[in-house]
1. Pairs of alpha-carbon atoms within less than 8 angstrom and 6+ residues apart define the contacts here; what relative contact order does the range 18-109 have, in percent?
2. Using the Cα centre of the range 62-163 as the reference point, and only Cβ charges (+1 on K/R, -1 on D/E), how large is the resulting charge dipole? Debye, rounded to the nearest 20.
3. Taking springs between alpha-carbon atoms closer than 10 angstrom, which of Ala354, Ala319, Ala278 fluctuates most in the Gaussian network model of the chain?
4. At a probe size of 1.4 Å, how large is the accessible area of Leu115, to the nearest 10 Å²?
5. At 1.4 Å probe size, what's the solvent-accessible area of Trp345? Round to the nearest 10 Å².
6. For the range 81-126, what is the charge dipole size about the Cα centre, in debye to the nearest 20, if Lys and Arg each add +1 at the Cβ and Asp and Glu each add -1 at the Cβ?
7. Please report, in cubic angstrom per residue, the volume enclosed by the convex hull of the alpha-carbon atoms of the range 282-354.
8. In nm², what is the average projected area of the convex hull enclosing the Cα atoms of the range 146-259?
Amino acid sequence: MKPPTITIPEAPELATLCGQLTERADAIDAAGEWPAESLRLCGEAGVFRWFLDPSFGGLDWNSEQVVRGYLSLAAACLTTTFIITQRTGACRRIADSANDDLKAKLLPPLAAGELHATVAVSHLTTSGRHLKRPVLRATRGDGVWRLDGFSPWSTGADHSDVVVAGATVMRDVEPTGEQILLAVPTDIAGVSTPPTPQFVGLSASHTGRVEFDSVELGDEFLVQGPTENVMSAGRSTMTGGHETSTLAMGLAQAAINFLRDESDVRDDLVAARKALEAEHAELLENLIALTRGEPACSTQTLRQRANSLVLRATQAALAAAKGTGYVAGHPTGRWCREALFFLVWSCPQPVMNANLCELAGIAE
């Protein structure tokens, strides 16, 4: 029987789903295999429909509702939730497109979980954008766009039907200053996904390179552009923003929950647990305020503090677990490894500098 759809973040069905994800999280991490079953459970529960418009089969959740849903999912299984955020990023870009035919073709099956999508855009927002020769290039000719090059970091492209890829527009081997986004079918000639690397954590997300060798696509696949700074076009400007902080805070919550359970029988853990709980509660207020358009701090400040919290909370959980936590397969060890992810994924340089200063004991 298909499980009930999760229609609000407070629904008891969300807790049931999170329990199922938690049960699978350690095995997913150990095997490094794509979490197909966890994603299937999320699809059946309606997670992929949360933010989409009802006309495409969505539930039209607002930003606060989506964040609260992600917090619960990330506390259960960060790998699965990270994959979903990249899937959501692709869907949001398509939903924001002026290409109505593309939206009608892709969004209903994406909402239903019949297709999987991801993004290949990190090179447009990281140091790759400063290279003299862009890593992924789009050339116009004969009524089509031709893609050549690669995207270095794309999550689950080897398990996706569509990759929303960003490319720099070229003319006579020189960049024009414009960029485009294209919804690239992964079964089209010229698209390939080499084996993904093994990471310290989240290897099961299958994050790695996507290569494009003379891939030709008509305007029917155009999502956005050509325009300058295409990643700032539309409403889907989530990269490195509060969505990544949400994942960090979800993982921190898992560690704090562990400390809470342990402190029920160990008084020596109570003070640390209460301090981390208070910090998490304050950050949660700031996060929710951002989703409501009433920011108490910048997304950059939130990210720096969320990074700090998740590193300290997970290590506190490991310390509380003692030697047992250091044995492979214990969740606290996995959480510590996963927390390192936030130091490298879409981490703005000012945030990295602040985290480095904290780690080095340097007052800003």
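The values are calculated or read from the model by the stated rules, or taken from the named source; none is laboratory data. For clarity, every value in this text was computed on a predicted model and none was experimentally measured. Here the Cβ is made from the backbone with ideal geometry for all residues, glycine too, and neighbour counts use every protein chain on show. Only protein heavy atoms, including side chains, enter the accessible area calculation; ligands, DNA and RNA are left aside. Shrake-Rupley method; radii C 1.70, N 1.55, O 1.52, S 1.80 Å.
1. Values: 66 pairs, mean separation 24.3, N = 92.
Normalised by residue count, the contact order of the range 18-109 is 26 percent.
2. Numbers: 12 positive and 9 negative charges, 93 e Å.
Computed about the Cα centre, the dipole is about 440 debye.
3. Ala278
4. Taking all protein chains as shown, Leu115 has close to 50 Å².
5. My reading of the accessible area for Trp345 is about 50 Å².
6. 100
7. 98
8. Reported value for the Cα convex hull: 9.0 nm².
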